[in-house]
Amino acid sequence: MLARLQTILFILRFIAISGSKVARHEIYKFPDNFLFGSATSSYQIEGAWDEDGKTENIWDHITHTNPCIVKDCSNGDVADDSYHQYKRDVEMMRELGLDFYRFSLSWTRILPTSFPDKINEAGVQYYNNLIDEMLKYNIEPMVTIFHWDLPQKLQEMGGWTNPHIVDWFADYAYVVFELFGDRVKYWITINEPREICFIATELLRLPPGVANYLCTKNVLLAHAKAYHIYDENFRSKQGGSIFISLSAPWFETEYEEFAIAAKQANDFMWALYSHPIFSENGDFPQSVKEIVATKSSEQGFYRSRLPEFTNEEIDYVRGTSDYFGLNHYFTNYVYRNSSTSNYYESPSFDDDLEVATYHKDEWKLGESEYNKFVPWGFRKLLTRIREDYDNPPVIITENGFATHGDLDDQDRITYYKYYLDAMLAAVDDGSDIRGYTAWSLMDNFEWVAGYTERFGLYEVDFTSPERTRTPRKSAFVYKQIVRSRQLDLDYEPDTDVMTIDDGH
């Protein structure tokens, strides 16, 4: 009761400072044909890291050679054991009533040499089994081709900073289109290129003001090549769609004097990847091009550290996404003044942008430091996407909230309800939003946070050999939203038994 009262007081306090539309005490319907799903990724849940012909990826390598780079010194060797428990995973999808399930393919499970000269039949069979089990119950597979787990062999050859990776990734994409495209109608080429490029810089220990931008261009070209391969060779006979998934926090300012800094923060942190694909003219954002070129000249470089697109490359990348796939988790305030000048290592991405970020104490919800509760930031982000890119169709490919465990996850419920409310407000404003994906279906290996951060609608007991999955309270709330196609901010589940019932 006390926790509930604290949540109510928090929301009232939030309303008072934000003026947001978050306080609607009614039941709101989702648009017709709106899709609901949940998501995971291969390294985070599959386990079986070296079984049945799979070879080493960068996360296998780093967690085995430097385990305490992860907060709890853990790894994904077993994780949720989904490689062996895919039927239980599908059962959870059925319990929730999901329209689709977003999962990713493991490059090294399918192509153990990293190249198409050898296809691992055991790995292919695993994904065939998962896809067929889902389709048996009318759950659409939404397949991410690459979600961070690059083959270690390719990493040692320069990874995403090597321009040849455009062809390596395209070959891999061609293989999976042939293997699974008869049943997969939603393809995501690459998940979160910004994070990929930061990982590439850190793992290769390359200069952060050079490698980030080399990676950025290569990732966008690799995505575009996979898009064109699908568009020209598979779309007409397979009838699917293909898009990219971009992570986009929202950067705002409290003070008008920092409005330009906030716009540039959004340009650097996500429009760097969206602008070449979704803008009318293509190419990188003008502010990023000008800032990096100026800094590079001042630092003694003969050319900008941000590699240029040729005119042909601009045309090749522009328009290569059927949806705007959006991952969103947080909002920050930004400022730029004398204290941020020469504060960061130079040259570096952070020094190029030259802003500092902060958040309000009242944005904190729950015990996790990762998420902050700022639904109005989500709405503003969706508004900018609509206004800057001529209202592209959007699928929210990730949105979720971390806790440290516990089945009674009221904070996660609060987060989901009000972020969905902010999304519906954006729909009311005119944004063309087609679907929503809760991150994540179940607790998993949360990268450098290991198993200390729990995003799952289902709690996983990582101490048990069976990796037992148990629905949290949020699973019941999400199920009610999915099956009713309505958002009731006052809904409270009246059962703790998750059952499989008929459809929506």
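The values are calculated or read from the model by the stated rules, or taken from the named source; none is laboratory data. All of these numbers come straight from a predicted model, not from anything done at the bench. As a convention, Cβ positions derive from the backbone with ideal geometry for all residues, glycine included, and neighbour counts pool all protein chains shown. Please note that ligands, DNA and RNA were not included when accessible areas were found on the heavy atoms of the full protein model with its side chains. Shrake-Rupley method; radii C 1.70, N 1.55, O 1.52, S 1.80 Å.
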Original post:
Given the Cα-Cα distance of residue 66 and residue 345 and 0.36 nm per residue of separation, how much length would full extension add, in nm?
Top reply: 98.0 nm
Subject >> Share, in percent, of DSSP beta bridges within the chain that are antiparallel, nearest 5 >> reply: 25
Original post:
Out of residues 5 or more away from residue 434 or on other chains, whose amide H comes under 5 Å of its own, with H placed 1.01 Å from N in the peptide plane?
Top reply: 394, 395, 396
**OP:** List the residues of the stretch 210-224 whose backbone N lies under 15 Å from a point placed 7 Å from the Cα of residue 167 along the Cα-to-Cβ direction.
**Re:** 222
Original post:
Given H placed 1.01 Å from N in the peptide plane, which residues other than close sequence neighbours of residue 246 have an amide H under 5 Å from its amide H?
Top reply: 192, 325, 326, 327
Subject >> Charge context of residue 297, other residues only, Cβ under 13 angstrom, K/R +1, D/E -1 >> reply: +1
**OP:** Rounding to the nearest 20 debye, state how big the charge dipole of the chain is about its Cα centre with +1 on each Lys and Arg Cβ and -1 on each Asp and Glu Cβ.
**Re:** 560
Original post:
Ignoring ligands, DNA and RNA, what percent of the accessible area of the stretch 305-418 is carbon or sulfur (1.4 Å)?
Top reply: 43
Subject >> Within the stretch 365-500: Cβ-based charge dipole about Cα centre, in debye rounded to nearest 20 (Lys, Arg +1; Asp, Glu -1) >> reply: 340
**OP:** Just the number, please: percent antiparallel of the DSSP beta bridges in the stretch 243-381, rounded to the nearest 5.
**Re:** 30
Subject >> Computed over the stretch 225-372: relative contact order in percent, which uses C-alpha pairs under 8 Å that are six or more apart >> reply: 28
Original post:
Taking the Cβ of residue 152 as the center, what net charge do the other residues with Cβ under 9 Å away carry, scoring Lys and Arg +1 and Asp and Glu -1?
Top reply: -2
Original post:
If the chain between residue 202 and residue 369 were fully stretched, how many nm would it gain, using 0.36 nm times the residue separation less the Cα-Cα distance?
Top reply: 57.9 nm
Subject >> Neighbourhood net charge (13 Å Cβ-Cβ; Lys/Arg +1, Asp/Glu -1) for residue 253 >> reply: 0
**OP:** With 24 Å as the limit, write out which pairs from 54/473; 295/360; 71/372; 136/237 have Cα-Cα distances beyond it, or answer none.
**Re:** 54/473; 295/360
Subject >> Additional length obtainable on full extension of the chain from residue 464 to residue 27, 0.36 nm per residue less Cα span >> reply: 153.3 nm
Original post:
Once the Cβ-Cβ distance between residue 254 and residue 485 is put in as r, and R0 is 41 Å, what FRET efficiency do you end up with, to the nearest 0.05?
Top reply: 0.65
**OP:** Assuming R0 = 30 Å, can you tell me the calculated FRET efficiency for the pair residue 34 and residue 182, based on Cβ-Cβ distance, to the nearest 0.05?
**Re:** 0.70
Original post:
In Å², what does the accessible area per residue of the chain work out to with a 1.4 Å probe?
Top reply: 39
Original post:
Which loop trypsin sites (Lys or Arg not before Pro) in the stretch 408-482, with loop taken from DSSP, have no more than 16 other Cβ atoms within 10 angstrom of their Cβ?
Top reply: none
**OP:** Determine the percent antiparallel among the DSSP beta bridges restricted to the stretch 395-504, to the nearest 5.
**Re:** 50
**OP:** Quote the FRET efficiency, to the nearest 0.05, computed for residue 51 versus residue 294 with a Förster distance R0 of 56 Å and r equal to the Cβ-Cβ distance.
**Re:** 0.65
Original post:
So for the chain, taking the charge dipole from beta-carbon charges (+1 Lys/Arg, -1 Asp/Glu), which of 292, 79, 122 sits furthest toward the positive end?
Top reply: 292
